[in-house]
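S.K.: Let me give you the structure first, and then I'll get to my questions.
The values are calculated or read from the model by the stated rules, or taken from the named source; none is laboratory data. Quick caveat, the model's predicted, so the values are computed rather than measured. Here the Cβ positions follow ideal geometry from the backbone for every residue, glycine too, while neighbour counts run over all protein chains shown. The accessibility values were calculated without ligands, DNA or RNA, using every heavy atom of the protein model including side chains. Shrake-Rupley method; radii C 1.70, N 1.55, O 1.52, S 1.80 Å.
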Amino acid sequence: MHYEESSQARKWQLSSQYELNSLRERANRRARDVLSGESSSTRGGDPETENNRHGSSDPDGGDVTPPLPNNPQNPDGSIPCQVHGFASSRGERPKLLPPTTSDDATETSLETLSTPSLNPHYGPQLSSPARGSHPLLTPSEESLLLTFYCSKIPLLIGPHAALPRCRRDAKVAASASLLFRRFYLSNSVMMHDPKTMLVAAAFLASKVEDAMLDVRYLEMGTKEMNAHVPVNEILEAEVKLLKGVDFDLLMFHPYKMVLSYTEDLRTYLKSERGRGLVKYAGNAGGSNGGGGEEDGGVAVVAGEDLRPMHDGARRIVDDVIVSDIPLMYGPGEVGLAALMVANEESCAATSGDGGDGSNTGAPMAPEIDMIGYIRSRFLDSNESEVKVDVEMMNAVIARVTKLCQFLRELKEGKHGCGNHHVDMERLKGVHKKLKKCRAWGPIPAEKDGKKKKKKRKAEEATNADDEGAD
């Protein structure tokens with residue numbers, strides 16, 4: 001199946017950051033309505049409040065939150081955490097932002113989506129009195145938690161897993177991250193434990209990618225990461241995860257695209273047309289840096305010359321898979337953009353000091369005109385006899401060029417990448433806030449009361465022992 005025909009392209013690939021924020025805002029509103037509507041009668045098993053029973057609506061007129069079922073309370077006293085599928089809760093795609101002449105205006109509009117305090121009609125701001133009337137998480141705070149938890153998936157499963165038994169191919173970690181991100185497009189961290197869903201995503205991804213491992217190894221992996229999740233919770237969360245992603249398990253990742261583009265470059269750059277796309281900094285040949293071959297005085301790229309670019313692109317993809325970018329761009333676009341950025345970085349690393357790599361001791365990397373490669377490679381219709389739309393090709397180049405800038409910004413912690421520059425102080429504050437307003441844990445007041453009761457009993461037992469000793 002071609003990617004363009006898959007559900008990942010037709011259903012899951014979002015059109016913009018605006019649409020991504022809108023979906024997360026919708027899930028956040030739904031969770032707010034549930035948590036703010038809980039009352040004493042709700043905790044006794046009665047139906048939800050009238051507001052939740054009939055659903056809530058957007059002040060602009062659109063239906064945001066569907067009616068909630070009249071579910072009884074859970075055995076542990078927590079309210080039911082209904083799983084919402086992506087297709088059923090998504091509705092129509094949100095309209096794109098109107099074009100603006102100022103980039104600052106666009107950024108402000110995007111930020112407003114995640115700032116409910118600026119919108120008095122956004123929805124409930126506090127949890128119900130039965131849960132202590134604690135502040136509820138905003139979409140931006142939920143996004144921060146998702147960024148943190150998603151960055152831990154490669155440490156649980158993948159080539160760099162903390163537990164050796166959980167080490168699998170990189171595509172398993174990529175599938176787990178994508179499943180995790182997809183689930184929270186229609187669900188909230190206030191309703192479903194992200195730590196448990198993270199492990200369930202890793203377990204399901206191992207099945208999808210035919211790299212099965214025992215679920216007990218994942219439990220051991222969570223202990224290794226000091227975040228224990230028992231087996232029974234992993235299996236229960238796996239069922240919820242499947243429902244949340246609409247049982248759609250078809251996924252494509254950029255790793256294969258990086259390899260495919262590299263192999264095509266290795267062959268094409270040796271052709272007569274491809275040689276004009278390559279140059280070496282400081283010297284046309286490979287004698288001054290150990291890179292390239294000579295053919296009539298013209299530099300010819302060897303296979304090993306592309307290794308730095310290939311390895312650098314894979315490292316970039318390692319950051320991409322834990323970010324929001326796979327939700328908005330296809331694997332082909334990501335793979336090509338990663339190679340473009342990696343080529344820039346490898347050229348800068350080998351020729352930054354002396355222009356020939358002599359000071360760094362690294363082989364001189366070829367500088368490849370990737371935009372010229374796209375045009376010359378795919379505008380040649382003699383092989384496939386397919387006429388290429390020039391305007392469409394220019395649009396693709398513009399989109400990939402924009403994506404390159406996003407990939408450069410991943411190292412700054414932007415676009416949901418939790419591998420770099422995470423604000424730990426803010427994260428701790430959000431996590432404490434989550435503990436007080438979440439639906440999947442015990443009510444804080446009840447938890448504190450149990451602790452005080454245990455402490456009082458321990459003190460009484462100690463006093464009794466002291467009196468007996470006297």
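S.K.: Would you tally the residues in the stretch 208-235 being more than 19 Å from LEU178 (Cα to Cα) and either open to solvent by 90 Å² or more (accessible area, probe 1.4 Å) or in a helix (DSSP H, G or I) (or both)?
M.R.: Result for the stretch 208-235: 13.
S.K.: List every residue pair whose Cβ atoms sit under 8 Å apart, with the two residues 6 or more apart in sequence or on different chains, where the first one lies in the stretch 136-151 and is small (Gly, Ala, Ser) and the second, anywhere, is modelled with pLDDT under 95 and open to solvent by less than 30 Å² (accessible area, probe 1.4 Å).
M.R.: SER140/SER114; SER143/ARG24; SER143/SER114; SER143/GLY416; SER151/CYS417; SER151/GLY418
S.K.: Would you pick out the residues in the stretch 239-254 that are open to solvent by less than 20 Å² (accessible area, probe 1.4 Å) and either without any contact (Cβ under 8 Å) to a residue 24 or more places away in the chain or part of a helix (DSSP H, G or I) (or both)?
M.R.: LEU241, GLY244, PRO254
S.K.: Looking only at the stretch 315-328, count every residue that is more than 8 Å from the chain's Cα centre (by Cα), under 14 Å from TYR255 (Cα atoms) and not in a helix (DSSP H, G or I) and tell me the total.
M.R.: Count: 0.
S.K.: Which pairs turn up if I take residues in the stretch 408-426 that are under 17 Å from ALA313 (Cα atoms) and look for partners that are hydroxyl-bearing (Ser, Thr, Tyr) with beta carbon separation below 8 Å, at least 6 apart in sequence or on another chain?
M.R.: Every condition considered, the pairs that remain are LEU410/SER323; CYS417/THR147; CYS417/SER151; CYS417/SER323; ASN419/SER151.
S.K.: How about the stretch 302-320: which of its residues are open to solvent by less than 40 Å² (accessible area, probe 1.4 Å), touching a helix residue (DSSP H, G or I) at 6+ places or on another chain (Cβ under 7 Å) and closer than 17 Å to THR350 by Cα?
M.R.: Selection gives LEU306, MET309, HIS310, GLY312, ALA313.
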